[in-house]
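A.B. asks: Next up is a structure, given as structure tokens.
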Amino acid sequence: MLAFARGSVRAWSTKRRALWFGLGIAVIACCFRASVIGDGVGYYSYLPSVVAHGSFDLGPVFDRFIAINTPVARQFLEITLPNGLTADYKPIGAALLALPFYLTTHLLFVLLVPGHQDPDVSAEYQLAFTAASLFYAVLTTVLLYRFVRSVFGPRPARLATVGVVLATPLVAYVLFGASYSHTFSVFTITAFAILLYATRANRTPWQWFLAGLLGGLATVTHVQEALFLALVPAEAVWQVAHRAWSARRLTGYGLLAIGVALPIVPQLAVDQVIFQQWLPQPAPNIVFDFTRPHLLDLLVSTHHGWLSWSPLVAVALLGLPAVIRRLEWLGVGLLLVGIGEFWINASLSDWWGGNAFGARRMTDQSLLIGLGLASSCAWLIRRRLARLATALVAAGVLWTALLLAQYYYVIRKDVGPPWGDFLLGQVQAIAFIPRLFIQGSVVREVAAGSWLLALYTGLVIAAVVIVAVKLGFWNSRGINGRAGGDTPSPDSSGRRARNLAPIPSRSPAIG
């Protein structure tokens, strides 16, 4: 009888997971835009230029996007340099991460429908780039959930993951602006930090190199992500202070440096070819003023302020002291990097991030916010305030959904409205919420009568999500977020979370 009851519970749990997974696929199918727009043109255009045309002159691809009336800052795509090439101020990291997806699509079209492919702007090739973005977003979500779960337990982890993905600007770049670089950045940062911490006790040569590769990719996806490399010296300082450091780790640092250099060297080469200089060239409309940062504006301005557009972040910040206590050097390192990135972004001449959704550059802090939010939720759950924790996350998701509708259908311009208009816009946005669910490429392709293209897009999206979920759970089997390597704290139900102690590796560890 007991075995039958357990079987029934497992069957219901499986059905519930399948239901939520199906709902997620449906939302993605309705909302996911598989088109390259805005800044995404600069990130994507390396692929058709180099892979399909064998050239570093991105001008012809830029011209194709302009010709089809793509929403883009045209003035930055028509700058001809003294060497005759067209300037591209976007780094190559997103293109490197999306390269396998683009190459697969290109080979399929060359082999199966030769002579009919358009590697520059066709829907299938744009889908390859945005599908890569979706893949890394889903993979990051799984890694984030598994890591936070190992620290604070299942229930806080679920709430925190929902909050990070759906109640911060990240949701806009998962669904509506997938061609931007933010999902690629969040993946490399999250994977880098989690790998460092999960392998802290027994890091193998391959893990040293892989950590460096992820850190290098983060740097060439968005240059300020180089700050996350500071997690390595943060770990070293903590080990020295606790007499856990040894000279054997020097070999590991060398392997990490090789991994970092591997993607950075191609970026330097590209800068040399296009701009004829070795250092990255900033966009002409961006300058820094580190002595007068717009700290308060970046926090609470209606012009994409971090807290005004994502108030749930404030709840996450309250939980950071517990994150530092639990994760020690990683918690301190992530907090210091977060402060550094906040200062850098506030020092930019366009501190609001341009005409895009929310404080988009602060999506780089998704891991820190996820940990902080889980910490706050765990605190509430332990005090029998689980419903309040759920209500806070739900309110954050609702606020963001209304802001998405307000941004796309009410504000529409790169302005910060007065607070009265901003709040009134949230009320007006209620009527536009349904329109968010007809933004997706699948829905629009069906409406346009392109049934085969809609089927192709839908199948690619489903395949990408399924593979990312499976890969994420497989790669996170060895995650352990407890400082002492013990079993995570119980959640509100009193049950202890499953131990995720690192699996011993067959290859020798360094340090």
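A.B. asks: Hey, does region 345-353 have a residue that's at pLDDT 95 or above and of a type in the set (D, E, K, R)?
C.D. replies: no
A.B. asks: Further question: Could you check how many residues of region 225-240 are under 18 Å from the mean Cα position of the chain (by Cα) and open to solvent by 20 Å² or more (accessible area, probe 1.4 Å)?
C.D. replies: At the first step, the residues of region 225-240 found to be under 18 Å from the mean Cα position of the chain (by Cα) are 225-229.
Add one more test, that the residue is open to solvent by 20 Å² or more (accessible area, probe 1.4 Å), and what stays is 226-227, 229.
Number satisfying all stated conditions: 3.
A.B. asks: Cβ contacts < 8 Å: first residue closer than 13 Å to residue 92 by Cα, restricted to region 267-284; second residue of a type in the set (Phe, Trp, Tyr) and in a helix (DSSP H, G or I), any location; separation 6+ or different chain. Result?
C.D. replies: Matching pairs, first to second residue: 270/46; 281/275.
A.B. asks: Quick check on my filter: what residues within region 460-474 are surrounded by 15 or more Cβ atoms within 10 Å (Cβ to Cβ) and not aliphatic (A, V, I, L, M)?
C.D. replies: Start the filter on region 460-474 by keeping residues that are surrounded by 15 or more Cβ atoms within 10 Å (Cβ to Cβ), which leaves 460-461, 464-465, 468-469, 471-472.
472 - this is the single residue of region 460-474 that is surrounded by 15 or more Cβ atoms within 10 Å (Cβ to Cβ) and not aliphatic (A, V, I, L, M).
A.B. asks: Checking the condition under 17 Å from residue 338 (Cβ atoms) and free of Cβ contacts under 8 Å to residues at least 60 places away in the same chain, which residue from 195, 229 passes?
C.D. replies: Working: 195 fails: under 17 Å from residue 338 (Cβ atoms).
Testing whether each residue is under 17 Å from residue 338 (Cβ atoms) and free of Cβ contacts under 8 Å to residues at least 60 places away in the same chain leaves just 229.
A.B. asks: Which pairs do you get when a residue that is farther than 10 Å from residue 126 by Cα and outside any helix (DSSP H, G or I), found in region 34-56, comes within reach of a residue that is open to solvent by 30 Å² or more (accessible area, probe 1.4 Å) and charged (D, E, K, R), reach meaning Cβ atoms under 8 angstrom, with the pair 6+ apart or on two chains?
C.D. replies: 39/90
A.B. asks: From the list 354, 372, pick out the single residue that is among the small types (Gly, Ala, Ser) and out of contact with any helix residue (DSSP H, G or I) (no Cβ under 8 Å at 6 or more places or on another chain).
C.D. replies: Working: 372 fails: out of contact with any helix residue (DSSP H, G or I) (no Cβ under 8 Å at 6 or more places or on another chain).
Just one listed residue meets the conditions, 354.
A.B. asks: May I pose another question? Among what's in region 79-99 and is of a type outside the set (A, V, I, L, M) and touching a helix residue (DSSP H, G or I) at 6+ places or on another chain (Cβ under 7 Å), pick the residue that is surrounded by the most Cβ atoms within 10 Å (Cβ to Cβ). So that I can check it myself, show each step before the final result.
C.D. replies: To start, the set of residues in region 79-99 that are of a type outside the set (A, V, I, L, M) comprises 80, 82-84, 86, 88-91, 93.
So of that shortlist, the ones also touching a helix residue (DSSP H, G or I) at 6+ places or on another chain (Cβ under 7 Å) come out as 86, 88-91, 93.
On the way: 86: 21, 88: 28, 89: 18, 90: 24, 91: 24, 93: 26.
Going through the qualifying residues, I end up with 88.
A.B. asks: Against the definition (in contact with a helix residue (DSSP H, G or I) (Cβ under 9 Å, 6 or more places away or on another chain), assigned to a loop (DSSP other than H, G, I, E, B), surrounded by 12 or more Cβ atoms within 10 Å (Cβ to Cβ) and at pLDDT 95 or above), how does residue 293 come out, yes or no? Spell out the reasoning first.
C.D. replies: Working: in contact with a helix residue (DSSP H, G or I) (Cβ under 9 Å, 6 or more places away or on another chain): yes; assigned to a loop (DSSP other than H, G, I, E, B): yes; surrounded by 12 or more Cβ atoms within 10 Å (Cβ to Cβ): yes; at pLDDT 95 or above: yes.
Yes: the conditions hold for residue 293.
A.B. asks: With the condition kept exactly as written, say whether any residue in region 499-510 is in a helix (DSSP H, G or I), at pLDDT below 95 and in contact with a helix residue (DSSP H, G or I) (Cβ under 9 Å, 6 or more places away or on another chain). Talk me through it step by step, then tell me what you get.
C.D. replies: Let us first name the residues in region 499-510 that are in a helix (DSSP H, G or I), namely none.
The answer is no; no qualifying residue exists.
A.B. asks: For region 200-213, which residues satisfy the criterion of being part of a helix (DSSP H, G or I) and open to solvent by less than 20 Å² (accessible area, probe 1.4 Å)?
C.D. replies: 208, 211, 212
A.B. asks: Is it the case, given these coordinates, that residue 243 is open to solvent by 30 Å² or more (accessible area, probe 1.4 Å) and at positive phi?
C.D. replies: Values: open to solvent by 30 Å² or more (accessible area, probe 1.4 Å): yes; at positive phi: yes.
Answer is yes for this residue.
A.B. asks: With respect to the numbered conditions (1) over 24 Å from residue 357 (Cβ atoms); (2) small (Gly, Ala, Ser); (3) surrounded by fewer than 24 Cβ atoms within 10 Å (Cβ to Cβ), which one is the sole condition not fulfilled by residue 157?
C.D. replies: Evaluating residue 157 over (1) over 24 Å from residue 357 (Cβ atoms); (2) small (Gly, Ala, Ser); (3) surrounded by fewer than 24 Cβ atoms within 10 Å (Cβ to Cβ) leaves (3) as the failure.
A.B. asks: Let me ask something additional. Among the listed residues 370, 420, 396, 416, identify the single one that is touching a residue at least 60 places away in the same chain (Cβ under 8 Å), open to solvent by 30 Å² or more (accessible area, probe 1.4 Å) and of a type in the set (Gly, Ala, Ser). Give the derivation first.
C.D. replies: Details: 370 fails: open to solvent by 30 Å² or more (accessible area, probe 1.4 Å); 420 fails: touching a residue at least 60 places away in the same chain (Cβ under 8 Å); 396 fails: open to solvent by 30 Å² or more (accessible area, probe 1.4 Å).
Matching residue, one of 370, 420, 396, 416: 416.
A.B. asks: Would you say residue 197 is more than 27 Å from residue 280 (Cβ to Cβ) and in a helix (DSSP H, G or I)? Quick ask: steps written out before the conclusion?
C.D. replies: Numbers: more than 27 Å from residue 280 (Cβ to Cβ): yes; in a helix (DSSP H, G or I): yes.
Yes: the conditions hold for residue 197.
A.B. asks: Inside region 248-289, can you point out the residues that are open to solvent by 80 Å² or more (accessible area, probe 1.4 Å), in a loop (DSSP other than H, G, I, E, B) and of a type in the set (Val, Ile, Thr)?
C.D. replies: Within region 248-289, just 287 meets the criteria.
A.B. asks: When residues of region 296-313 are filtered for being assigned to a helix (DSSP H, G or I), touching a helix residue (DSSP H, G or I) at 6+ places or on another chain (Cβ under 7 Å) and either without any contact (Cβ under 8 Å) to a residue 40 or more places away in the chain or under 17 Å from residue 339 (Cα atoms) (or both), how many remain? First the steps, then the outcome.
C.D. replies: The first filter runs over region 296-313 and keeps only residues assigned to a helix (DSSP H, G or I), leaving 296-300, 306-309, 312-313.
Still in the list and also touching a helix residue (DSSP H, G or I) at 6+ places or on another chain (Cβ under 7 Å): 298-300, 306-309, 312-313.
Of the ones still in play, those that are also either without any contact (Cβ under 8 Å) to a residue 40 or more places away in the chain or under 17 Å from residue 339 (Cα atoms) (or both) are 298-300, 306-307, 313.
Number satisfying all stated conditions: 6.
A.B. asks: With region 77-168 as the region, which helices (runs of 4 or more DSSP H) entirely inside it contain at least 3 residues that are modelled with pLDDT of 95 or more and closer than 21 Å to residue 41 by Cα? Quick ask: steps written out before the conclusion?
C.D. replies: On the way: elements: 93-112, 123-152, 154-166.
Because the criterion is at least 3 residues that are modelled with pLDDT of 95 or more and closer than 21 Å to residue 41 by Cα, the helices (runs of 4 or more DSSP H) in region 77-168 that meet it are 93-112, 123-152.
The values are calculated or read from the model by the stated rules, or taken from the named source; none is laboratory data. Small disclaimer: the values here were computed from a predicted structure and weren't measured. Every residue, glycine among them, receives a Cβ derived from its backbone with ideal geometry; neighbour counts consider all protein chains shown. Quick note on the areas: whole protein, heavy atoms, side chains included, nothing else; ligands and nucleic acids left out. Shrake-Rupley method; radii C 1.70, N 1.55, O 1.52, S 1.80 Å.
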